[in-house]
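Here's the structure, in structure tokens; my notes come after.
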Amino acid sequence: MVSDTSGSNRSVVVVANDMLPYPGQPVSGSGLRAWGLGEGLRGRGHDVRYAMPAASANAETPRGAEGPLLYELQDLRAVLASAAPDVVVFQHWVGVGAAADLDVPVALDLHGPLMIETAYQRRSDVDPAELAKVKLDAFRRADFVTCAGAQQRFYFLAWLLLSGGDVTADAISVIPVSLPPEAPRHEWPAQEVNFVYGGMFLPWQDPSLSLLTLVSVLESEDAGRLDFFGARHPMYPDMETPLLDEVELRLKDSSRVTVHGLWPRDRLLEHYRTSYVALDLMRRNTERELAFTTRTAEYLWCGLPVVYNDYGDLTPMIRDYEAGWIVSPDDADGLRELLRKIVHDPAEVRRRSANAQRLARERLSWARTTDPLDSFCRDPVRRSRAESSALVAGRRDADVWRDQLVALRSTRSFRAIEPLRQAYGRLRRTVGGWRRR
């Protein structure tokens, strides 16, 4: 389905909070998410430009009119004001405050549970209460909200409610991680079955059992290979990931594994399209349950059937399309047997490869998924701030409400009903005691 394009095309700035997939540059999940939203809007006729943190740019990042607007967070407001777009789309809530006083419609896209990710980092210099305030302010400022998956939507609805948003309306539209309608042409090399694993090291991700089980199978069967494209996040080299650091050392010791580090996305996709299977199996936790895993969408798009978790928004899609294999990340024995079968059955891998690209084409193409955001950009209805009534208030608001309550208690009417209110309270406690007995 394609949305109504009778409205005007708009100039849109998509604000990314991480590196974008320009040629020669590695990319993160949030960067790919921002790119998918922007290119989906461009495909609908909108004039799209990206803004990206200056710290994420490298020598390969294009400059000038062909490149992104580079910003420091404290200067983002000035960058947006200078660009003067019709609509601003923020990929995540951290920078939304920059548009707080700009007269421009704002769409807020939520790709994952950033507060939960931060909790896994256990940083002493981060105050969760302050982060929550920034997040709630972003929800209050947003005129339109999207997220990547149905399970995420329930999580973010709670934040919308706390910010004073109207959860009785059709609040928070779901736009899955999206990729181009035209998938790469998958080619089958003459080599033995190889697996790929790609992604930056993050403390809330634990693929250790799946990776070590795979290496054990490859070595015991004396067949198959693993290409490992993983490393620490280049923007956060001090982020502690001891588990993945240890796994990497074990992988380097195996003759059946090649540890490549991070590759630019264009080069990485070229390797994916000539590989067999992706391993994307991680232990379950609160962050993983809510994540709509970007790397998985790319695997499927490139024709790689995926060994995937038995939880998450992508799980039923992969199962229904037979675009991979669903397994519990805690079932080492079941996983070992499955991996043995995959290593020795390239014909089944080829069958599921075709299914993987069909899933991506039918469910994860930005030509099909961008309708809600496109509709908002064409008719950007502003949210009335006067109608917003936050359930969680800042200290200043709390002080005002306390003063108003004190003033109310001092009125003659309130004093007149106070004996009745106290009698009602005693009656409820008495009845409640009888019920408990």
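The values are calculated or read from the model by the stated rules, or taken from the named source; none is laboratory data. Keep in mind the model is a prediction, meaning the values are calculated, not measured. When we count neighbours, we look across all protein chains shown, and the Cβ atoms used for this are built from the backbone with ideal geometry, even at glycine.
Among the residues of the range 25-40, those that are touching a helix residue (DSSP H, G or I) at 6+ places or on another chain (Cβ under 6 Å) and among the aliphatic types (A, V, I, L, M) comprise Val27, Leu32. Here Gly36 fulfils each of the conditions (1) more than 23 Å from the chain's Cα centre (by Cα); (2) among the small types (Gly, Ala, Ser); (3) closer than 20 Å to Leu179 by Cα apart from (1).
Inspect all residues belonging to the range 39-55 and state whether any of them is under 27 Å from Glu270 (Cβ atoms), of a type in the set (Gly, Ala, Ser) and crowded, with 23+ Cβ neighbours inside 10 Å. Yes, the range 39-55 contains a residue that is under 27 Å from Glu270 (Cβ atoms), of a type in the set (Gly, Ala, Ser) and crowded, with 23+ Cβ neighbours inside 10 Å. Name the one entry in Gly334, Gly261 that is assigned to a loop (DSSP other than H, G, I, E, B), farther than 14 Å from Phe195 by Cα and small (Gly, Ala, Ser). When all the criteria are applied, what remains is Gly261. Against the test of being in the same structural domain as Met115 (by TED's automatic domain parsing) and small (Gly, Ala, Ser), the options Ser353, Ser328, Ser375 yield a single qualifying residue, Ser375.
Within the range 96-109, being closer than 17 Å to Thr146 by Cα and out of contact with any Lys or Arg (no Cβ under 9 Å at 6 or more places or on another chain) holds for one residue alone: Ala107. Of everything listed in (1) touching a residue at least 40 places away in the same chain (Cβ under 8 Å); (2) more than 21 Å from the chain's Cα centre (by Cα); (3) not in a helix (DSSP H, G or I), the single unmet condition for Leu339 is (3). Entry remark, the range 298-315: residues being part of a loop (DSSP other than H, G, I, E, B) and among the polar types (S, T, N, Q) number 1 in total. Checking Ala132, Ala148, Ala138 one by one, the residue that is modelled with pLDDT under 95, of a type in the set (Gly, Ala, Ser) and at negative phi is Ala132 and no other. Might you let me know whether the range 387-410 holds any residue that is of a type in the set (Val, Ile, Thr), surrounded by 12 or more Cβ atoms within 10 Å (Cβ to Cβ) and at pLDDT 95 or above? No - not one qualifying residue is present in the range 387-410. Of all the listed residues (Gly230, Gly224), the sole one being over 22 Å from Tyr22 (Cα atoms) and small (Gly, Ala, Ser) is Gly224. Residue pairs whose Cβ atoms lie under 8 Å apart, sitting 6 or more positions apart in sequence or on different chains, and linking a residue in the range 228-242 that is of a type in the set (Val, Ile, Thr) to a partner that is surrounded by 14 or more Cβ atoms within 10 Å (Cβ to Cβ) and part of a loop (DSSP other than H, G, I, E, B), are Thr241/Leu202; Thr241/Pro203.
Among the residues of the range 264-284, those that are in a loop (DSSP other than H, G, I, E, B), at pLDDT 95 or above and not hydroxyl-bearing (Ser, Thr, Tyr) comprise Arg273, Leu281, Met282, Arg283, Arg284. Screening Gly45, Gly31 for residues that are among the small types (Gly, Ala, Ser) and either modelled with pLDDT under 95 or not assigned by TED's automatic domain parsing to the domain that holds Lys133 (or both) leaves exactly one candidate, Gly31.
Of the residues screened, Leu314 is not one that is farther than 17 Å from Leu179 by Cα and surrounded by 21 or more Cβ atoms within 10 Å (Cβ to Cβ).
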